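Note sheet for the following structure.
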Amino acid sequence: MAIIETINLTRTYGDLVALDNLNLVVERGACFGFIGPNGAGKTTTIRILSTLLKPTWGEARIDGLTIGYQNSLIRPIIGYVPDFIGTYDDMLVSEYLEFFAACYGIHGSKRRGVVAEALELTDLTSKAGAQVDGLSRGMSQRLSIARVLLHDPQVLLMDEPASGLDPRARIEIRELLKELHRLGKTILISSHILSELSEICDTVGIIEQGKLCFSGSMQKALEAAEAGVEYEVSVEQRSTEAAQLLTSADGVANVKIIRTGGTEVLHITVDQQRPIAASEIPARLVTAGFRLTLFRRGQVNLEAAFMHHTRGVVA
Ligand SMILES: Nc1ncnc2c1ncn2[C@@H]1O[C@H](COP(=O)(O)OP(=O)(O)O)[C@@H](O)[C@H]1O
Ligand SMILES: [Mg+2]
């Protein structure tokens, strides 16, 4: 049985449909990447799963228990890591954890034990006596994770825990999540960047405008996203001719010339079904006598990449 399941989950804010018949399935023990651009509905979904927000329509279940009806049974088995920790004036890291452990009804020597363990696991032992408000973003994210580990929940719901982190802090969070996954927790983690989760997540759901447009293995998601890659190229002279050459190449869908400042950059969108190989682009230009001044991978166009999945899901 799936440990997280939503059935036609719908949430509106006034006229705005933030979640539109979302059907999400996360298997027990999975590390599930919940991907989508800003405004797609990730936070809304996670807040519903965390029992903090009510569905307008449809249903959400954790471990077979229904959100809104069995919240008191659900709360002990979930841990919610919000996108921001909030502010805690004049509170030490150890006090913060002691406080939340007490909220979960953990007392006495057991409490000292779970706090020490949570600090250890999140590598914050040396920061026990530091002010919560003085922590770096990376450390405060780890503290937020330490807090939800206190009551040893089966399911962790994390809302963009790696956003706004420097590369080093990002790696630390990633290693921590891998460790929690090894400990058997089911993890749902959101991000607006697919590649950011490629190393830790085994399964993926991609959400666009409140609808699930892809659900499957990380491997499949990466392959589909690869087809949505765009490239940016500049040549020393004759941009228009270079654009014409590339437009006629197999595997290229579209080339646009964008002028920024004094330079012209060719934005290449690849064919979703049979994308051109990256190496083909400079090779063709150089063969035709163009001199490259820029060649880089642009944005992955998630919407375009997953469009063909959308049809399948909605139909
Ligand atoms: N409290 C709210 N009131 C009105 N609109 C909201 C509220 N929260 C979110 N929204 C809207 O719902 C949509 C989904 O938001 P959200 O779930 O925060 O997406 P994400 O986390 O993927 O960025 C967005 O269009 C957002 O503006
Ligand atoms: Mg959000």
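The values are calculated or read from the model by the stated rules, or taken from the named source; none is laboratory data. Keep in mind that this is a model prediction, so the values were computed, not measured. A quick note on method: Cβ atoms are made from the backbone with ideal geometry, for glycine too, and the neighbour counts reach across all protein chains shown.
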- Item | Enumeration of residues in segment 274-298 that are in contact with a helix residue (DSSP H, G or I) (Cβ under 8 Å, 6 or more places away or on another chain) and either part of a helix (DSSP H, G or I) or surrounded by fewer than 12 Cβ atoms within 10 Å (Cβ to Cβ) (or both) | 281, 284, 285
- Meets criteria (within 13 Å of the chain's Cα centre (by Cα) and within 13 Å of ligand 1 (Cβ to nearest atom)) for residue 18: no
- Considering residues of segment 207-222 that are among the aliphatic types (A, V, I, L, M) and in contact with a Gly (Cβ under 9 Å, 6 or more places away or on another chain) only, the residue nearest to ligand 2 (Cβ to nearest atom): 207
- Query: Can you spot a residue in segment 67-74 that is in a helix (DSSP H, G or I) and buried (at least 17 other Cβ atoms within 10 Å of the Cβ)?
  - Reply: yes
- Message: With the structure loaded, tell me whether residue 212 is surrounded by fewer than 19 Cβ atoms within 10 Å (Cβ to Cβ) and either under 16 Å from the mean Cα position of the chain (by Cα) or among the polar types (S, T, N, Q) (or both) or whether it fails that test.
- Response: no
- Members of segment 151-172 that are under 13 Å from the mean Cα position of the chain (by Cα) and part of a loop (DSSP other than H, G, I, E, B): 159, 160, 161, 162, 163, 164
- Note on the structure: If we keep only residues of segment 173-196 that are surrounded by fewer than 23 Cβ atoms within 10 Å (Cβ to Cβ), within 11 Å of the chain's Cα centre (by Cα) and not β-branched (Val, Ile, Thr), then the residue modelled with the highest pLDDT is 191
- Query: Quick check, is residue 83 in a loop (DSSP other than H, G, I, E, B), assigned by TED's automatic domain parsing to the domain that holds residue 192 and in contact with a Ser or Thr (Cβ under 9 Å, 6 or more places away or on another chain)?
  - Reply: yes
- By residue number, the members of segment 173-192 that are in a strand (DSSP E or B) and either outside the structural domain of residue 148 (by TED's automatic domain parsing) or away from ligand 2 (no atom under 16 Å from the Cβ) (or both) are 186, 187
- Of the residues that sit in segment 224-251 and are among the charged types (D, E, K, R), closer than 16 Å to residue 279 by Cβ and out of contact with any strand residue (DSSP E or B) (no Cβ under 7 Å at 6 or more places or on another chain), which one is modelled with the lowest pLDDT? 226
- Can you name the residue in segment 87-117 that is within 18 Å of residue 132 (Cα to Cα) and polar (S, T, N, Q) and is also nearest to the chain's Cα centre (by Cα) among such residues? 87
- Message: Which residue is nearest to residue 14 (Cα to Cα), if the candidates are limited to segment 50-60 and must be buried (at least 17 other Cβ atoms within 10 Å of the Cβ), away from ligand 1 (no atom under 12 Å from the Cβ) and not hydroxyl-bearing (Ser, Thr, Tyr)?
- Response: 55
